[in-house]
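The values are calculated or read from the model by the stated rules, or taken from the named source; none is laboratory data. What you see is a predicted model, and the numbers here were worked out from it, not measured in a lab. As a convention, Cβ positions derive from the backbone with ideal geometry for all residues, glycine included, and neighbour counts pool all protein chains shown. What goes into the accessible areas is simple: the full protein's heavy atoms, side chains included, and nothing from ligands, DNA or RNA. Shrake-Rupley method; radii C 1.70, N 1.55, O 1.52, S 1.80 Å.
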Amino acid sequence: MNPLNHVAIIMDGNGRWGLKYKNSRNEGHRAGLDTVEKIIKETIKQKINYLTLYAFSTENWNRPKKEINYLFSLLENFLTNKIEDLHKQNIKLNIIGVKNFSKKLNKLLNFSEKKTLKNTTLQINLALNYGSKLEIINAIKKMNKNNEKINEINLSKYLQTNNTPDPEILIRTGNTKRLSNFLLWQLAYTEIFFEKKLWPDFDKKDYVKVIGKFRKIKRNFGNI
Ligand code: FPP
């Protein structure tokens, strides 16, 4: 049975789900947040220590302002109402990406990270305004500045995921097979599961099924 420490997820399909069932993309995001909560719960139950969620990419700024504002208000409300609860569950929140949001949201994100810094049951890396290429470029720039030797170990140390082992599983929902500039370095040996279901429809059972399939895969890491 393969050990499992870290699951990464591209939560795709909110917009399509919202349009299909509620005639509103934003309703899809709202429903997507319910799935986030269910998956966090199951991740803890499965004793997985790291969960990385792609919530907003550097490319998502191209969306209509109304949708962007809705997504960030959803996040703001979620953190305001739930951070205490996450903290009680011993969950650590770690933001990856560039934190250049409104003053209010930046403050809330910093507060949430600081409050949960020492928690140990589950680390959630929330990718916000995240792009993997930018993350790698920024890491190399910093390495150069510090006169670091350019090698794999050092580069991994300078990425924003430096305190996280590489994911063993990547799940992408929404019936689309691409990586969308997500964790390009970290996914080098990750098992990838493309799921047909839209994110709001993805449930605990689907998640447990993916984990079960992963456990049985023969992982070679380039060996035979
Ligand atoms: C991709 O679906 C999803 C997003 C860009 C946002 C993800 C956000 C959530 C799951 C809810 C909010 C989460 C937090 C933590 C507040 P899409 O909109 O690209 O779907 P589409 O492919 O159907 O258009």
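Bridging of Lys216 to aspartates and glutamates at a Cα separation below 13 Å is possible for Glu168, Glu191, once same-chain residues fewer than 8 apart are set aside. For the set Glu84, Glu168, solvent exposure ranked by accessible area (probe 1.4 Å, protein chains only) runs largest to smallest as Glu84, Glu168. May I ask you to list the residues of segment 125-141 whose amide nitrogen lies under 12 Å from a point 7 Å from Cα along the Cα→beta-carbon direction of Lys38? So the set is empty, nothing qualifies. If you take all other residues with their beta carbon under 15 Å from the beta carbon of Arg16, and give Lys and Arg +1 and Asp and Glu -1, the sum is +3. With just the Cα atoms defining each centre, how far is segment 99-159 from segment 40-65? Give it in Å. Cα centroid of segment 99-159 versus Cα centroid of segment 40-65: 15 Å apart.
How many Å² of accessible area per residue for the chain, probe 1.4 Å? With the other protein chains kept in place, the chain gives 56 Å² per residue. A rounded overall shape is assigned to the chain, the ratio a/c of its alpha-carbon gyration tensor axes (a ≥ b ≥ c) being less than 1.5.
In the chain, the portion of solvent-accessible area held by carbon and sulfur atoms comes to 53 percent [1.4 Å probe, whole percent, DNA, RNA and ligands not counted]. Annotation: lysines with alpha-carbon distance below 28 angstrom to Lys66 (same-chain offsets under eight excluded): Lys20, Lys22, Lys38, Lys82, Lys99, Lys103, Lys104, Lys107, Lys133, Lys177, Lys196, Lys197.
Placing a label point 7 Å from the Cα of Leu134 along the Cα-to-Cβ direction, the residues of segment 64-104 whose backbone N falls under 15 Å from that point are 95-102.
Once the gyration tensor of the Cα atoms in segment 101-224 is diagonalised, the equivalent ellipsoid follows with semi-axes of 27, 22, 15 Å, ordered largest first. Among the trypsin sites (Lys or Arg not before Pro) in segment 49-155, those placed in a DSSP loop whose Cβ has at most 15 other Cβ atoms within 10 Å are Lys99, Lys118, Lys149. One compactness figure for segment 38-125 is 1.12, namely its Cα radius of gyration divided by 2.2 N^0.38 Å.
Loop sites only, by DSSP: take the chymotrypsin sites (Phe, Trp or Tyr not before Pro) in the chain that have at most 16 other C-beta atoms within 10 Å and name the longest stretch containing none of them. Counting only loop sites that pass the neighbour cut-off, the longest clear stretch is 1-184. What the Cβ-Cβ distance of Asn23 and Lys118 gives, at R0 = 30 Å and to the nearest 0.05, is a FRET efficiency of 0.10.
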